[in-house]
Structure formats: C-alpha cells, structure tokens
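Colleague: The structure under discussion is supplied below as structure tokens; questions concerning it will follow.
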Amino acid sequence: MNPHEPLRLHVPEPTGRPGCQTDFSYLRAAPAGHARKPALDVDPKATAGLAVGMVRVLDEQGNAQGPWAPSIAPGILHAGLKAMLKTRLFDARMLTAQRQKKMSFYMQCLGEEAVACAHTLALNADDMCFPTYRQQGILITRQMPLFEMICQLFSNARDPLKGRQLPVMYSNKAKGFFSLSGNLGTQFVQGVGWAMASAIRGDNRIASAWIGDGFTAETDFHTALTFAHVYRAPVILNVVNNQWAISSFQHIAGGEATTFAGRGVGSGIASLRVDGNDFLAVYAVSQWAAERARHNYGPTLIEWVTYRAGPHSTSDDPSKYRPADDWGRFPLGDPIARLKQHLINLGQWDEARHEALAVELEQEIIAATKAAEQHGTLGDGSIASAATIFEDVYKDMPAHLRRQRQQMGA
Amino acid sequence: MNVACEPSQPNEQATQVMTMVQAIRSALDVMMARDERVVAFGEDVGYFGGVFRCTEGLQAKYGKQRCFDTPICESGIVGTAIGMGAYGLHPVVEIQFADYVYPAYDQLASEAARLRHRSAGEFTAPITVRMPCGGGIYGGQTHSQSPEAIFTQVCGLRTVMPCNPYDAKGLLIASIECEDPVIFLEPKRLYNGPFDGHHERPVTPWARHPQAAVPEGYYQVPLDSAAIVRPGAAVTVITYGTTVHVALCAASETGIDAEVIDLRSLWPLDLDTLVNSVRKTGRCVIVHEATLSCGLGAELLALVQEHCFYHLEAPVERVAGWDTPYPHAQEWAYFPGPGRVGAALKRVMEA
C-alpha cells in the first residue's frame with residue numbers, strides 16, 4: 001500500500017470571480033512611509049525585504065510619508081497630473097473611435113497611468129524606453145503630438161508606420177520610444193542591450209524596459225535579468241503587475257508564493273515592489289533607480305503593483321472572468337484621484353482647476369482627432385498604398401521584392 | 001569615417017595565406033580597427049577567443065568593452081545585439097554552433113528581421129550573427145546541422161555562407177557593414193582546409209588553394225552575388241558551403257563538364273547567374289548538406305523551373321542530407337559526398 005495521499009496538481013485561482021468579491025489581502029499592501037530607502041550603492045541582496053514589501057508614499061489622506069517622499073517641485077506634480085489625465089481622456093476618446101470602426105483595435109491603460117507618467121518625468125528626455133502596449137503615458141508625457149498618435153491608430157495616410165502595425169504599436173525614436181513588438185517581452189532583452197551599448201560608448205543615457213506580470217514567465221525576462229546583472233547594465237527593468245494577463249490572474253504567471261520583484265534579488269539585482277498607483281512613490285523609486293544606473297551601480301528591477309481597470313483590449317470581456325466591481329475595491333485606489341488629493345492638501349490644486357484642465361484636454365484631444373480624421377481612417381480605406389509593404393523589408397529593395405511588387409500591380 | 005586612404009580594391013593589397021578561421025579573424029580585426037561601432041561577443045569569444053579560435057586576440061587588442069564573453073544564452077546574445085544595433089552599434093555575435101541558434105530564433109525572425117519594416121525605417125538591427133554549421137567532424141546531431149532554410153524563409157534577414165578564406169573575409173566585412181541583419185554561416189569542416197568529401201583521405205590544408213591568398217586589409221565581396229567556381233557546358237551545379245568542394249570533386253571524377261556555381265549569398269540571391277547558367281547548359285543538379293525536404297534546394301528548384309523550364313533537357317535533381325537527424329557513427333552515409341553527387345550528374349546527363 002502507498003502510505004502517501006495521491007499526488008495532486010495545484011492550479012492557482014484568484015480570490016475573486018464573477019459574483020464573488022476579491023479578497024485583496026494577497027497584495028500585502030503595507031502602510032505608506034514604512035519602507036526604508038537604501039543608499040544608491042546598496043548591495044542587491046540587501047533589497048530582499050523591499051522586493052517582497054511595498055514602497056508607498058501617499059497615505060489614505062493623500063499626504064506624503066516616510067523616507068521615499070521625494071522633494072519634488074509643484075510644477076512636476078502638475079505636469080504629472082496633466083499627463084495622467086490626458087492619457088485617461090485620450091484612452092476614453094480612442095475607445096469610442098474604435099467602436100465607431102475608425103480603427104481595428106485599441107488598448108487602454110485605465111488605472112495604470114501613474115506608472116508610465118511618473119516614471120517618464122523621473123527620466124531624462126533622451127533616456128530610451130523599451131515599452132509594452134500599455135505605456136502610452138510615456139509618449140503623452142514626452143508630448144508626442146496627439147495627431148501623430150491618432151494617425152497611427154487610424155492606420156491612415158499620415159500614419160508614421162504606414163499601416164504596417166496594429167493600433168497602439170507606436171514607434172517614436174525622437175521621443176525615445178522603441179518600436180513596439182506584438183511579441184510583448186522581446187524588448188526586455190533589447191533594452192538591456194541598448195543600455196550595454198550606451199555603457200560601451202561611454203554615453204550617459206540609460207534605458208528603461210517594460211513588461212507585464214504575465215510576461216515574466218517567458219525566458220526573455222530571466223535572460224534580461226542575467227545579462228543586466230552580468231554586465232551591470234544601466235537599465236531600469238519595470239514589471240507592471242496589473243494583476244491580469246488577459247484572463248490569467250497573476251498567480252498563473254508565478255506570483256503566488258513570491259513577488260515578481262523577488263526574482264530580481266536572486267539574479268543579483270537591486271529589486272523593489274512599489275505601489276504603482278502612488279505617483280510620488282513611482283517618481284521617487286524611478287529617480288532612485290535612474291541615479292543608480294547613471295552612477296554605474298547597475299540595473300534595478302521594479303515591480304509596479306497596479307490594476308488593469310479596463311479589458312485587456314477591445315477584443316476582451318473581463319466580465320467573464322473577474323468581478324465587475326474589482327477596480328473600485330482595489331486597495332491601491334486610482335492614481336489620478338490620489339495625486340489630485342495630494343495637490344489639494346498642498347494647496348496647489350482645487351476642483352475648479354481640475355474641471356478646467358479636463359475641459360482643456362478634452363478640447364485638445366477632439367481637435368487632434370478631427371485633424372487626424374481628415375487624413376482618413378482604416379474604415380474609409382484612406383491607407384498607405386499597398387506597394388509600400390515592399391519597402392523597408394531591407395534597406396535596399398532586392399530584386400525578388402521588386403518583381404513581387406510588379407506582380408501585385410499596385 | 002574617412003576611409004579614402006585605405007585601399008579597397010583587393011588586388012592592390014598584399015596578401016597572406018590564410019585558413020577560413022584566420023580570414024574570419026582578419027575580417028573582425030579589420031572592421032574593429034576601422035569602425036568603433038563594431039563589437040564582438042558570444043560564448044567563450046572573449047579571453048579564450050572562441051572554441052574555433054575565430055576571435056582569438058581581439059579582446060587583448062580592442063579591450064573587454066568591445067570583445068567579451070557572454071552567458072550561455074543565445075536569445076540574450078542576439079536580443080542584446082538587437083538593442084545595441086538600435087543604439088547605433090554594429091555588433092557581430094557568435095553562436096557557438098548553428099545547432100544552438102534555436103533559442104534565439106524569436107529574436108531573429110520576429111525582431112531583427114522585421115524591426116526596420118515595423119518602425120518604417122526608424123529603428124534597424126544592423127547585426128551579424130556568425131555560426132559554424134555543417135558536419136564532417138563527427139559532431140553528432142547537435143554539432144552538425146545546416147539550418148539555413150529556417151533563415152532564408154524569413155523576410156528581412158540576409159543569409160550568407162562562404163566556402164573559402166577569400167570569400168569568408170570579404171563577405172564577413174560586407175555583412176558587418178550591411179544595415180540589414182545577416183546570418184553568417186561558416187561550414188566548420190572548411191575552417192582548416194578545403195574538403196571534397198573524401199573523408200578517407202588525408203586532410204588538405206588551405207595553403208595550396210588559390211582562394212587562400214587573402215588581402216591583409218579591407219575589401220568586400222558583395223552580398224547577393226554568386227560565383228562560378230568552375231565554368232562548364234554540360235550541366236549546372238548550384239551549391240554552397242562545403243558541398244561546393246564536393247561538387248568540384250564529383251565533376252573531376254566523372255569527367256562531366258559541370259558549371260559549378262557557389263551561391264555564397266543564399267538569400268537574397270543572385271538569380272541572374274543561376275538562370276543564365278541553366279539556360280546555357282539545359283541541365284541542373286542542386287546540392288546542399290542540409291536535409292532534403294523543404295530545404296533551400298526546393299526553392300532553388302522552383303526558381304529554375306520558373307525561369308528555365310523551356311531550356312531544360314532533363315529533370316532537375318537534388319542531392320542533400322537525408323531527412324533524418326545528423327548521425328554520429330553513420331556520418332559518411334549521411335553526408336552528400338562525391339559519389340552521390342557524381343551519380344546524380346551521370347543520371348542528369350543520361351536523361
């Protein structure tokens with residue numbers, strides 16, 4: 001007789017499902033101000049506590065607490081609030097345009113705006129970002145013209161990418177925004193490579209690479225950690241843990257018994273887990289990581305804990321797999337509401353100014369949408385000529401592509 | 001960069017007798033001296049100089065910042081090279097054996113190959129990925145493969161395979177300077193001597209081979225140009241890599257006046273040279289070491305059919321590795337040697 005119980009497979013489940021409220025205690029959200037702030041040259045092993053804890057600055061009342069509270073000019077707070085609000089309003093407007101069939105597809109970053117916007121404000125304008133599809137906040141913070149963004153979304157005659165990429169797969173070298181790959185995480189390794197090149201050339205620019213919680217299961221995540229550690233690459237490695245990879249809860253990616261930041265410590269990388277809906281915490285930790293990189297102390301892995309408030313994309317229906325009121329009950333709240341409250345507490349903001357800003361941004365977005373629409377949308381067929389698909393496959397068009405272009409008759 | 005003072009015509013330069021390994025090393029040396037954007041890295045590539053010695057001395061000469069060892073991680077080697085390419089460097093990376101390239105395939109096929117296109121020319125991956133390929137060294141199934149067809153099938157990649165020291169250096173320099181990603185396959189059985197498939201005979205060194213006289217400085221062999229290595233009138237042999245030497249041997253042993261074409265650039269390729277030759281001879285045999293079915297030979301055959309159909313006097317034959325894993329003990333039954341190629345030449349001539 002076998003003295004043991006039969007073996008059984010453990011398949012993780014979220015604590016909430018449709019009709020059953022989520023128990024968010026799994027987040028282990030610590031109070032604001034409790035996390036210590038180590039020196040820039042910290043031994044990566046000594047960040048183990050930070051990697052499983054949570055750096056938070058803004059408390060429930062919207063006041064800054066603890067050693068991570070940044071000394072930050074009100075101008076940056078205003079810029080951050082504006083960038084986050086603009087990102088949210090832009091997303092809402094583009095979601096509508098998608099429903100009106102002006103584009104094939106859209107992905108919003110509702111609820112995650114602080115992660116990209118605060119991080120970008122803590123970088124230099126010429127630092128290079130290797131983003132995923134939910135960091136449109138980087139482009140908006142770096143003031144990419146909305147007109148260009150919308151032309152890309154509409155795949156129209158003025159689409160800078162000539163209709164070759166899905167909507168939201170932006171590329172903008174001038175804004176330090178690497179071409180998005182639909183493969184998701186390949187850019188994590190490439191960002192490390194870019195940072196290595198910057199170090200090889202004795203440059204002072206750093207790289208910042210992004211993935212989501214889901215992608216950490218791919219080998220490219222671990223590859224990036226290894227190379228970043230081995231060569232002490234000047235790179236910030238961001239994992240946006242928004243709890244969901246389409247319908248798969250973060251435990252399916254491997255977040256149940258440890259944190260995603262926890263993996264960095266084992267790779268010899270200084271690692272922190274941070275309240276990603278806390279503008280001040282995102283700014284402070286990003287600034288710390290950027291300083292480390294610029295001082296040749298090497299990479300920092302940051303897990304940003306946030307919540308994907310919307311569907312994965314316009315092709316997804318989250319009501320099938322998670323409770324409808326999940327975002328409203330998420331303990332880390334809404335990043336825009338939290339920064340707004342903080343500014344009001346500082347006497348630097350009020351409801352009337354907030355309203356006026358929202359109206360001004362709405363008008364800017366509507367004007368840009370109208371201007372872009374003059375050059376067509378995917379729906380009305382005003383797209384780059386089909387002959388252009390043969391361009392840029394190689395630097396110079398080889399003979400076989402010239403023949404095929406002729407055969408196409410375009 | 002001012003290069004006007006350097007001779008670029010190979011025939012104006014002093015030459016040295018080199019092996020393939022020395023020619024590859026010389027190309028890297030010339031390019032690292034000439035262009036600070038060129039960096040070289042891979043497994044065992046730095047201090048030791050590579051398991052086949054192709055990067056020997058480069059770290060000592062150019063420093064650890066430009067020539068270094070990497071973790072055993074092909075996706076990381078290629079992935080970081082792509083990031084460096086986007087930065088503006090021209091990395092040359094080594095995959096220790098072509099058999100190990102598969103973990104890097106996503107970075108090559110989905111990323112390097114399409115980056116220019118998907119960003120409408122904003123970002124590019126001007127990287128060169130070197131890897132020893134082919135068998136004939138009792139390497140078994142993990143040190144013998146010829147995976148060129150998985151690269152030639154990918155739009156946006158260039159795939160190159162030299163078969164002698166002169167071409168190896170000139171093609172490698174052209175690859176490093178190329179703004180497209182290049183897969184640079186090095187037939188390892190040719191590293192230290194030409195090999196005609198007669199494994200039972202003593203090894204022939206490169207020293208007596210005319211293509212072993214290699215200019216010391218900078219020159220290019222242009223990408224997408226084939227070479228007619230043996231002019232002939234009876235039948236065209238289209239091949240590349242180790243089997244170029246096998247085909248020459250087969251022509252000599254059978255006495256058939258074959259025109260042997262070394263593709264050199266496998267894709268994009270030099271179609272005109274192939275078509276002109278087959279239209280002239282009316283017969284064609286395609287030879288490669290890689291497995292037969294769905295291999296590059298199938299594409300070559302389709303092109304011959306499309307462009308030369310009314311000139312053909314006989315069915316086109318393919319001689320290739322069998323559709324099995326590359327064996328260890330049975331290596332010489334697998335390798336498409338001069339006997340099999342000669343038999344195909346005779347069949348085509350008798351048809």
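Colleague: Mind grabbing the interface size between A and B? I mean buried accessible area, both sides, 1.4 Å probe, in Å² to the nearest hundred.
Modeller: 3600 Å²
Colleague: Also: Please give the per residue volume of the convex hull enclosing the alpha carbon atoms of the range B:169-231, rounded to a whole number of Å³.
Modeller: 119 Å³
Colleague: Whenever you get a sec, compute what percent of the accessible area on the range A:271-410 sits on carbon and sulfur atoms (1.4 Å probe).
Modeller: Details: 3040 of 6040 Å².
Carbon plus sulfur share of accessible area: 50 percent.
Colleague: Sticking with this structure for a sec: Using all C-alpha to C-alpha distances in the range A:123-178, build P(r) with 10 Å bins and read off the rounded percent in each one.
Modeller: For the range A:123-178, the binned pair fractions read 26, 58, 16, 1 percent.
Colleague: OK, next. So, for the range A:347-405, what is the accessible surface per residue at a probe of 1.4 Å, expressed in square angstrom?
Modeller: On the way: 3320 Å² over 59 residues.
In whole numbers, the range A:347-405 has 56 Å² accessible per residue.
Colleague: 5 Å is the cut-off here: which amide hydrogens, built 1.01 Å from N in the peptide plane, fall below it relative to residue A:244, excluding neighbours closer than 5 in sequence?
Modeller: Hits under the 5 Å cutoff: A:308.
Colleague: Roughly how many Å is it from the Cα centre of the range B:65-135 to that of the range A:155-203, as a whole number?
Modeller: So the two Cα centres are separated by 16 Å.
Colleague: In nm, what is the difference between 0.36 nm times the number of residues separating residue B:51 and residue B:36 and their Cα-Cα distance? Walk me through the numbers before you get to the answer.
Modeller: Values: separation 15, 0.36 × 15 = 5.40 nm, distance 2.47 nm.
Additional length available on full extension: 2.9 nm.
Colleague: Something else about it: Taking K and R as +1 and D and E as -1, what net charge do the other residues with C-beta under 15 Å from the C-beta of residue A:127 add up to?
Modeller: My count for the surroundings of residue A:127 gives +4.
Colleague: For the protein assembly as shown, what is the mean residue ellipticity at 222 nm derived from helices alone (per DSSP H run of n ≥ 4: -39500 (n - 2.57); sum divided by total residues; nearest 500 deg cm²/dmol)?
Modeller: Details: 24 runs with 261 residues, N = 761.
Using -39500 (n - 2.57) per qualifying helix, the result is -10500 deg cm²/dmol.
Colleague: Per residue, what volume in Å³ does the convex hull of the Cα atoms of the range B:22-158 enclose?
Modeller: 105 Å³
Colleague: Ranking request for peptides B:125-134, A:197-206, A:215-224: highest mean number of other beta-carbon atoms within 10 Å first, then the rest in descending order. Present the calculation step by step, with values, prior to reporting the outcome.
Modeller: Details: B:125-134: 27.5, A:197-206: 19.2, A:215-224: 21.9.
Most protected by this proxy first, the peptides run B:125-134, A:215-224, A:197-206.
Colleague: Here's a follow-up. Of the listed peptides A:259-271, A:138-150, what is their order by residue-averaged count of other C-beta atoms within 10 Å, with the highest listed first? Walk me through the intermediate numbers first.
Modeller: Values: A:259-271: 23.5, A:138-150: 20.9.
Those peptides, ordered most packed to least, come out A:259-271, A:138-150.
Colleague: Dividing the Cα convex hull volume of chain A by residue count, how many Å³ per residue is that?
Modeller: Values: hull volume 76.6 nm³, N = 410.
Spread over its residues, the Cα hull of chain A gives 187 Å³ apiece.
Colleague: Starting at the first residue of the range A:123-137, write each ³J(HN,Hα) from the Karplus equation 6.51 cos²θ - 1.76 cosθ + 1.60 with θ = phi - 60°, in whole Hz, x for Gly and Pro.
Modeller: Karplus-based 3J(HN,Hα) across the range A:123-137 equals 8, 7, 5, 9, 6, 9, 9, 10, x, 9, 7, 10, 10, 4, x Hz.
Colleague: Take peptide A:181-193, look around each residue's Cβ out to 10 angstrom, count Cβ atoms belonging to other protein chains, and average those counts. Walk me through the numbers on the way to the answer.
Modeller: Values: counts 6, 2, 5, 0, 1, 9, 5, 2, 12, 16, 4, 5, 16.
Partner Cβ neighbours, averaged per residue: 6.
Colleague: If every alpha-carbon in the range A:1-83 counts as one equal scatterer, what log10 I(q)/I(0) does Debye give at q = 0.16, 0.26 1/Å?
Modeller: Reported log10 I(q)/I(0), two decimals: -0.91, -1.22.
Colleague: If you don't mind, there's one more thing I want to ask. Assuming 1.567 mPa s and 4 °C, estimate D for the range A:337-385 with Stokes-Einstein, Rh taken as the Kirkwood radius over Cα pairs, in µm²/s. Kindly include the intermediate steps, with their values, before the conclusion.
Modeller: Numbers: Rh = 13.5 Å.
It diffuses with D of about 96 µm²/s by this estimate.
Colleague: I've got another one for you. Rg and Dmax of the range A:204-345, Cα atoms, in Å?
Modeller: My reading of the Cα-based Rg and Dmax gives 16.1, 47 Å.
Colleague: Would you kindly give the portion of the calculated P(r) for the range A:282-410 that falls above 23 Å, as a percent of all Cα pairs?
Modeller: Looking at the range A:282-410, the distances longer than 23 Å represent 71 percent of pairs.
Colleague: Right, here's the next one. Could you give each residue of the range A:237-253 its phi-based ³J(HN,Hα) in whole Hz, using Karplus coefficients 6.51, -1.76, 1.60 with θ = phi - 60°, and x for Gly or Pro?
Modeller: Per-residue couplings from phi come out as 9, 9, 10, 8, 8, 9, 6, 9, 10, 6, 9, 8, 5, 4, 5, 5, 7 Hz.
Colleague: How big is chain B on each of its three principal axes, counting only the C-alpha atoms and giving the largest first in Å?
Modeller: 59, 46, 44
Colleague: Short version: ³J(HN,Hα) in whole Hz for each residue of the range A:166-182, in order, from phi by Karplus 6.51 cos²θ - 1.76 cosθ + 1.60 (θ = phi - 60°), x for Gly and Pro, what are they?
Modeller: For the range A:166-182, the Karplus-derived couplings read 3, x, 6, 8, 5, 8, 8, 4, 4, 9, x, 10, 6, 3, 6, 10, x Hz, x marking Gly and Pro.
Colleague: Within the range A:223-264, what residues put their amide N at less than 15 Å from the label point 7 Å along the Cα-to-Cβ vector of residue A:45?
Modeller: none
Colleague: For the protein assembly as shown, what Kirkwood radius comes out of the mean inverse Cα-Cα distance, in Å? Walk me through the numbers before you get to the answer.
Modeller: On the way: mean 1/r = 0.0352 Å⁻¹.
Evaluated on the protein assembly as shown, it is 28.4 Å.
Colleague: What number in nm² do you get for the range A:153-259 if you take the convex hull of its Cα atoms and divide its surface by four? Intermediate values should be presented prior to the final figure.
Modeller: Numbers: hull surface 32.6 nm².
Dividing the Cα hull surface by four gives the mean projection, 8.1 nm².
Colleague: Apply the membrane-span-like helix rule to chain A: whole DSSP H runs, Cα extent along the own long axis of at least 30 Å, mean Kyte-Doolittle hydropathy at least 0.0. List the helices found. Intermediate results must be reported in sequence, preceding the final value.
Modeller: Details: long enough: A:74-99 (38 Å, 0.08); A:351-373 (33 Å, -0.15).
Taking the DSSP H segments of chain A (at least 30 Å long, mean hydropathy at least 0.0), we get A:74-99.
Colleague: Tell me the accessible surface of residue B:311 in square angstrom (1.4 angstrom probe, heavy atoms of protein chains only), to the nearest ten.
Modeller: Only protein atoms counted, so the area is about 80 Å².
Colleague: Let me ask something additional. Can you pull a Stokes-Einstein diffusion coefficient for the range B:83-228 at 20 °C (1.002 mPa s), Rh from Kirkwood over Cα pairs, as a whole number of µm²/s?
Modeller: Details: Rh = 16.3 Å.
It comes out at roughly 132 µm²/s.
Colleague: While we're here: Hey, can you rank A:123-131, B:54-62 by average C-beta count inside 10 Å, highest first?
Modeller: Put in order of decreasing packing, that is A:123-131, B:54-62.
Colleague: Residues of B:63-75, mean number of Cβ from any other protein chain within 10 Å of their own Cβ, rounded to a whole number?
Modeller: Details: counts 1, 1, 5, 1, 0, 4, 1, 4, 6, 1, 7, 1, 9.
So the per-residue partner count for this stretch is 3.
Colleague: Right, another one. For peptide A:161-171, how many partner chain Cβ atoms fall within 10 Å of a residue's Cβ, on average? Intermediate results must be reported in sequence, preceding the final value.
Modeller: On the way: counts 6, 4, 1, 5, 5, 1, 0, 0, 2, 1, 7.
Mean shielding by partner chains, rounded to a whole number: 3.
Colleague: Report, in listed order, any pair from A:86/A:340; A:173/A:340; A:82/A:370; A:37/B:64; A:175/A:340; A:82/A:175 with a Cα-Cα distance greater than 23 Å. List each step's numbers first, then the result.
Modeller: Numbers: A:86/A:340 14 Å; A:173/A:340 32 Å; A:82/A:370 21 Å; A:37/B:64 34 Å; A:175/A:340 27 Å; A:82/A:175 18 Å.
Violating the 23 Å Cα-Cα cut-off are A:173/A:340; A:37/B:64; A:175/A:340.
Colleague: PRE reach from residue A:344 (point 7 Å along Cα→Cβ): which of the range A:67-94 fall under 17 Å by backbone N?
Modeller: A:78, A:81-82, A:85
The values are calculated or read from the model by the stated rules, or taken from the named source; none is laboratory data. Computed from a predicted structure; not experimentally measured. Here the Cβ is made from the backbone with ideal geometry for all residues, glycine too, and neighbour counts use every protein chain on show. Protein only, heavy atoms only, side chains kept; ligands, DNA and RNA dropped before computing areas. Shrake-Rupley method; radii C 1.70, N 1.55, O 1.52, S 1.80 Å.
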